[in-house]
Amino acid sequence: MYVTLSMDVASASNWWQTVQSVYKQKQRWAWGVENFPIVMRAFLKDKKIPFYEKLRLGFKLFEGHLSWSTSGFILSVIGWLPVIFARQEFSTSVAYYNVPDIANTIFGLGFIAICITITLSLSLLPKTKIRHRWLLKIGHTFEWMMVPFILVFFSALPALHAQTRLMLGKYLEFWVTDKHRKK
C-alpha cells in the first residue's frame, strides 16, 4: 500500500489552510504520473535494458500511481461491493448471505492488526519528560485511528484529483508548500 511521507511539515497560519496546503502538496506529488509516457517511450528506444526489466519497471511505475489513487477508496468500500453489485440471481446463493460474515472476519483481523501496530509504535516511541504522558499516548492512538480517513482524504483523493486533471488537460500551476521546521 502506498502512503506518501515527507520530512518537512506543511503548515500555514491556521488549521484549515494547513489542511489545504497538505492536500495541494500531495496533489502535486501525484502529478508525477505525467512522467509515465515519457519513461515508457525511453524504454522503447533503449536497447541496453533487457525487455523483462523494462516490463517490470514500467508495470511498477504504472501500478504505483494506479494504486495510490484507488487503494484508499477500495479499502473503504470493499466490504460493500458484493452487496452493491449483486444481481437478483446471486441474492439467493449461500455466498451472498455469507458476505457480511466474511467482511466482518476480514475487518476484525484488520482491527487486531492495527491494535498490534498501535501497541508496537507506542512502545517504540522515545520516553518523554512531560507531565501527562498518558495523554500523549491517547493522542498517538487517536492518530492511528485516523489513518483510514487520512488515506482517503490526503492520499487517494489528491492523487485521483491530479490524475483526473491531467486526463482532462487541466494542468496544475506551480505552487510552493508553506513549510516550517521546529528547532
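The values are calculated or read from the model by the stated rules, or taken from the named source; none is laboratory data. From a predicted model like this one, the values you see are computed outputs, not experimental measurements. Neighbour counts run over all protein chains shown; Cβ positions are idealised from the backbone, glycine included.
Residue check: is Leu157 surrounded by 11 or more Cβ atoms within 10 Å (Cβ to Cβ), of a type outside the set (Asp, Glu) and farther than 30 Å from Phe36 by Cα?
No.
Report whether or not Tyr23 is part of a helix (DSSP H, G or I) and either free of Cβ contacts under 8 Å to residues at least 24 places away in the same chain or over 16 Å from Phe154 (Cα atoms) (or both).
Taking the combined requirement at face value, the residue does not satisfy it.
Would you pick out the residues in segment 132-183 that are touching a residue at least 24 places away in the same chain (Cβ under 8 Å) and of a type in the set (Val, Ile, Thr)?
Result: Val147, Val152, Thr177.
Is it the case that Phe43 is part of a helix (DSSP H, G or I) and under 18 Å from Thr164 (Cβ atoms)?
Working: part of a helix (DSSP H, G or I): yes; under 18 Å from Thr164 (Cβ atoms): no.
No.
State whether one or more residues within segment 165-178 are modelled with pLDDT of 85 or more, loosely packed, with under 14 Cβ neighbours inside 10 Å, closer than 18 Å to Glu34 by Cβ and basic (Lys, Arg).
Scanning segment 165-178 turns up at least one residue that is modelled with pLDDT of 85 or more, loosely packed, with under 14 Cβ neighbours inside 10 Å, closer than 18 Å to Glu34 by Cβ and basic (Lys, Arg).
For segment 92-121, give me each residue that is surrounded by 11 or more Cβ atoms within 10 Å (Cβ to Cβ) and either touching a Ser or Thr at 6+ places or on another chain (Cβ under 7 Å) or charged (D, E, K, R) (or both).
Ile118
In segment 17-63, what residues are of a type outside the set (A, V, I, L, M), in contact with a helix residue (DSSP H, G or I) (Cβ under 9 Å, 6 or more places away or on another chain) and closer than 24 Å to Trp175 by Cβ?
Tyr23, Lys24, Gln25, Lys26, Gln27, Arg28, Trp29, Trp31, Gly32, Glu34, Asn35, Phe36 - these are the residues of segment 17-63 that are of a type outside the set (A, V, I, L, M), in contact with a helix residue (DSSP H, G or I) (Cβ under 9 Å, 6 or more places away or on another chain) and closer than 24 Å to Trp175 by Cβ.
Inspect all residues belonging to segment 122-140 and state whether any of them is within 20 Å of Trp16 (Cα to Cα) and of a type in the set (A, V, I, L, M, F, W, C).
No, because not a single residue in segment 122-140 is within 20 Å of Trp16 (Cα to Cα) and of a type in the set (A, V, I, L, M, F, W, C).
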